[in-house]
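This report refers to the structure that appears directly beneath it.
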Amino acid sequence: MNRTHTNGELRLTDVGKKVTLLGWVAKRRNLGSLVFIDLRDRYGITQIVCGDELTEAVRTVRSEYILEVTGTVVERQDKNPKMETGDIEVKAEKVTIVNTAELPPFIIADETDALEETRLKYRYLDLRRPVLQKKLFTRAKIVKAMHEYLDANDFIEVETPVLAKSTPEGARDYLVPSRVHPGCFYALPQSPQQFKQLLMVAGFERYYQVARCFRDEDLRADRQLDFTQLDIETSFLSQDEILTLTEGLLKKVMKDVKGIDIETPFRRFKYVDAMNMYGSDKPDTRFEMKLQDLTEVFRNSEFKAFAEGLGPKGAIKAIVTDHCENYSRKEQDKLTDLAKKNGAKGLVVLKYENDTLEGSAAKFFSAEEIENMVKVLGVKNGDLIMIVSGEWRKACSALGALRSHFGKTLHLYDPEIFDFLWITEFPMFEWNEEDGRYYSEHHPFTRPMDEDLTYLDSDPERVRSCAYDVVLNGYELGGGSLRIYDCNMQQKIFELLSLTDEQIKDRFGFFIDALKYGTPPHGGLALGLDRVAMILTGSESLRDVIAFPKNANAKDPMSDAPDKVDDKQLEELHIKIVAD
Ligand code: ASP
């Protein structure tokens, strides 16, 4: 092909040049004896004008045909300031149809009203839309910045296996049956966690990988079954050094991709403070509306809902907004539903008007309680007050969910701001009521904080870990921790997680063995690449920054995966399907 220029390239300075362009027909219009064609490629769109002499050559041309156009660049009479090439057009002298196309099921343009399901079914056409192409280019730019930064900082990129053994990141595994070993399964890695730690044992000191991870979870807009992490591990660095290194990485990404200089170091919040102030361990700090504590105000309250909710480990928390004084009963009920969905047993909603407290719960409060509450909350006329009493974490989370809801619906933040922060000092364990056992808040390889080691046996819930999450605008971008590098400590943590000796040996024997051979102190983290790309492209869904994503139903509507397989394949894998 004789292409001389792309469709995003020609400007007034090119007027008079003879050019040959290639591209897809984005639009075709007939205007008297002239035919106008918008020719599109990955670089942009150029307007082509075909005169009388070409009428026959372009007679059959339709949308999405591929053309080769040779012609001369001319200045446009009616310039289009919205198009980068809007000052010029190409007066065609020769038009060749390179390939024809069927009528696409939707118009290929930035604006589309096609259903997402249709777009995913014809993803290759969807991806032809400039808006999606731009997002994938931005994603590639992010990855490039990461490679450059890590390369400049002496990191080595190492690939780790996809067919592996189960890693405990807290999700369900994807299993792959082995043909050669009947009844045995590989697990697709939920992350390369153990491999990267073994690379530290092996002495690589600074590892990274753009790693594909697999977690069998219910999908949401910000979750996919297979997703990509920038996975990092280092030896001999302190937690502060790891955080600083990561800040440098994100600073470069923001500069290279968005042209924004972000401030470092990021603000750091202890987990307990983030929960108390924002009701979340991934708070959106672009707006205030902090949670406030009313535990002491209502500690001896006669109000049943408060007393019952409080219990020995409880708290009474509140948020106040001055934007919702006209909220109807129905709207208040919606807030209650949201609080309940997020762990609250109930929500007390009160209005403060004409210097009096209104709301069905108000009559249960003593005058002193009301006075103290008004003082603590700094309530003004017109304020709406929401209170939850319950187990501390649940009470905080429920109000945190309301806070995010208000943030979004009342537009309390500037969408142009990127507010990065760290959350540190997470609890090491989380008690699971149903299973009657502890689970790791991060993962079982996370090191407990030295000053809390004494509580490991006596009060595990009090133990904090050396884990950290990096958060941006209410999203967890990633997280990591310092790791246990003493095999006895690792064994003990597994035991605290109620694994039997046999389970420990069977699942992690190789790993504990490795820790015996001179393991350096090490730590690292992983950043969710899809999530970073989603935020930096201003997308609503991860699906917009993944070339071929699954739909919300965990299916690929294009290829129909997951799909049935031949009986013969199943036989080879020693698998029988049992009907429900
Ligand atoms: N493997 C962890 C995760 O996927 C990250 C880390 O601890 O480095 O969340």
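Laboratory data are not the source of any read-out in this text; all were calculated from the coordinates shown. This one's a predicted model, so the numbers in the text were calculated from it and none came from an experiment. Note that we place each Cβ from the backbone using ideal geometry, even for glycine, and neighbour counts take in every protein chain shown.
Compared with the direct C-alpha span, the chain from K18 to D459 gains 150.8 nm at full extension, assuming 0.36 nm per residue. Multiplying the residue separation of T60 and T112 by 0.36 nm and removing their Cα-Cα distance gives an extension gain of 16.2 nm.
Scalar couplings 3J(HN,Hα) for the range 512-523, obtained by applying the Karplus form with A = 6.51, B = -1.76, C = 1.60 to θ = phi - 60°, are 5, 4, 4, 5, 7, 9, x, 8, x, x, 8, x Hz; x denotes Gly and Pro.
Coordinate range of the alpha-carbon atoms in the range 498-580 per principal axis, descending: 49, 46, 24 Å.
Using the per-residue mean of other Cβ atoms lying within 10 Å as a proxy for protection, in what order, highest first, do the peptides 148-159, 481-492 fall?
Result, highest mean first: 481-492, 148-159.
The distance linking the range 331-375 with the range 87-162 is 50 Å (Cα centroid to Cα centroid, whole angstrom). As a length-normalised measure over Cα pairs under 8 Å and 6 or more apart, the relative contact order of the chain settles at 13 percent. In this simple spin-label approximation, E241 and R29 carry label points 7 Å from Cα along the Cα→Cβ vector, and these lie 6.3 nm apart. Computed across the range 57-147, the Kirkwood hydrodynamic radius from all distinct Cα-Cα pairs reaches 16.1 Å. Spatially, the range 516-568 and the range 281-296 are offset by 31 Å when compared through their Cα centroids. Over all distinct Cα pairs, what is the inverse of the mean 1/r for the range 1-83, reported as the Kirkwood hydrodynamic radius in Å? Final number for the Kirkwood radius of the range 1-83 is 13.1 Å. The Cα center of the range 204-235 and the Cα center of the range 376-424 differ in position by 29 Å.
For L294, the residues whose amide H sits under 5 Å from its own are I316, K317, A318, ignoring neighbours fewer than 5 places away on the same chain, with H placed 1.01 Å from N. Listed by chain and number, the lysines placed with their C-alpha closer than 22 angstrom to that of K351 are K290, K304, K317, K330, K334, K340, K363, K375, K380, K408; residues fewer than eight positions away on the same chain are left out. Phi angles across the range 433-447 convert, under the Karplus curve 6.51 cos²θ - 1.76 cosθ + 1.60 with θ = phi - 60°, into 3J(HN,Hα) values of 4, 4, 8, x, 8, 8, 10, 6, 5, 9, 8, x, 9, 6, 7 Hz, Gly and Pro given as x.
Kirkwood-type hydrodynamic radius, the range 67-111: 13.0 Å, calculated from all non-identical alpha-carbon pairs. Here the Karplus curve 6.51 cos²θ - 1.76 cosθ + 1.60, taken at θ = phi - 60°, turns the phi angles of the range 455-469 into couplings of 8, 3, 8, 7, 8, x, 5, 7, 6, 9, 10, 8, 10, 8, 10 Hz, with x standing for Gly and Pro.
Were the residues from K505 through T96 laid out at 0.36 nm apart, the gain over their Cα-Cα distance would be 140.4 nm. Semi-axis lengths, largest first, of the ellipsoid equivalent to the chain are 50, 35, 24 Å, with √(5λ) applied to each eigenvalue of the Cα gyration tensor.
Quick check: the angle from helix 239-253's long axis to the longest principal axis of the chain, C-alpha only, nearest 10 degrees? Around 20 degrees separate the two axes.
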